[in-house]
Every structure is written in structure tokens, then in C-alpha cells.
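What follows is a set of notes on a single structure, which appears directly below.
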Amino acid sequence: MPHHYGWRFMDIGRFLDRVLGLLSLLKLTLNAPHSPGLALWEVVLATTDNFTAYRRRYRSELHPTAILDLLLFDETNPRSVGYMLKRIERQMDRLPGSSSPYRNAERRLLIQANAALHLADIDRLSHLADTSEAQDALAQLLDALIEPLSALSEAISQSHFSHVERPRQLVSMEPDV
């Protein structure tokens, strides 16, 4: 398929949908009635097609810290948040008007999401199984990622697509009686 602008918009939408789905899944896992156990983390890995990648990389039992590293921060894993943000950014760089020196709304939203991910305190998140403070930190990180990424689709739509008003009739076509 040729990689013209239509394909780039489709690719951005696909990866945006995928990253929001992953973040929502992690948020649901975190909001489980009790702390997520190993069985629940195994389901998360299987659902996101990361179980094989986890076993190949870590060759050990499941550790929440390693799972979060694989799902959030690993930019070499095509199913991680870090990789998907890089992919969205690469596609947005190739859209018309991307060479402008000014940061438009979608660029700022993507920078906001990248900043939240890159500034996350991994040491604090590493105690996810032990402390509620780590769970709160992860919840804040997920919210800081979901918020700008949820608005990104609308920002792209506003800046790249025409939004015209509905046609309306200016002259009455009914005869005067």
C-alpha cells in the first residue's frame, strides 16, 4: 500500500487506538478489587500479545516491574506505549504542515504524553506489589498518558480536515400565497 497521507492518518489512528486500549487495560488491572496477582498479570501479557516477548526477554517468573517495563517503557517492543508514541510521532512528522516551527495542538499533546512517560519514576513504580503509593503513582502515570492521547485524535481532526457547516437553504422555494 502506498504510504500517502491517507495511510499515515490510518496508521496514526490504529496506533492511537492500540495505545489507549493498552492504557485502559492497565488501568482496569490496577483497579481490580484486590491487588493484581500473577494470574491477572499473565492475562494482561496474553491480551497484549506480549507473553512470548516477556518469556524470551526475562526468562523468569512474572514480576510486575518487568511487566511494566515491557508494556510501558520499552521502545523496541512494538506493543509497548513507548514504541507506539514514537510511531505516532514519526507519522505526524510526515504530515502536511509538520515542518512549521510552531508547535500546534497535536504536537503539544504528543509532547505532553511523551514527557509523562519519560519522567515517570521507575524506582517508585518498582514497588507496585508492595505499596499503595506505587499503585497511586502508576494510576497517576496512566491518567497523565490517557488524557493527552484521548485529545490527540480530535486535535488532528481539527487541524487536518475540513469541518464545514451543514448546507442550508437561503431562499424559500414555497410560492407566496
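Which one of these is of a type in the set (Asp, Glu), over 11 Å from the mean Cα position of the chain (by Cα) and closer than 17 Å to Asn114 by Cβ: Glu75, Glu42?
Values: Glu42 fails: closer than 17 Å to Asn114 by Cβ.
None of the others qualify; the one that does is Glu75.
Taken as a whole, the condition of being farther than 19 Å from Leu138 by Cα and either under 14 Å from the mean Cα position of the chain (by Cα) or surrounded by fewer than 17 Cβ atoms within 10 Å (Cβ to Cβ) (or both) does not apply to Gly37. The set of residues in the stretch 125-146 being exposed (fewer than 14 other Cβ atoms within 10 Å of the Cβ) and closer than 20 Å to Leu20 by Cβ consists of Gln140, Asp143. If you go through the stretch 137-177 and keep only what is of a type in the set (D, E, K, R) and either at pLDDT 90 or above or closer than 17 Å to Asn104 by Cβ (or both), you end up with Asp143, Glu147, Glu154.
The values are calculated or read from the model by the stated rules, or taken from the named source; none is laboratory data. If you're wondering where the values come from, they're calculated on a predicted model, not measured in any experiment. Counting neighbours? That spans all protein chains shown, and the Cβs are built from the backbone with ideal geometry, glycine included.
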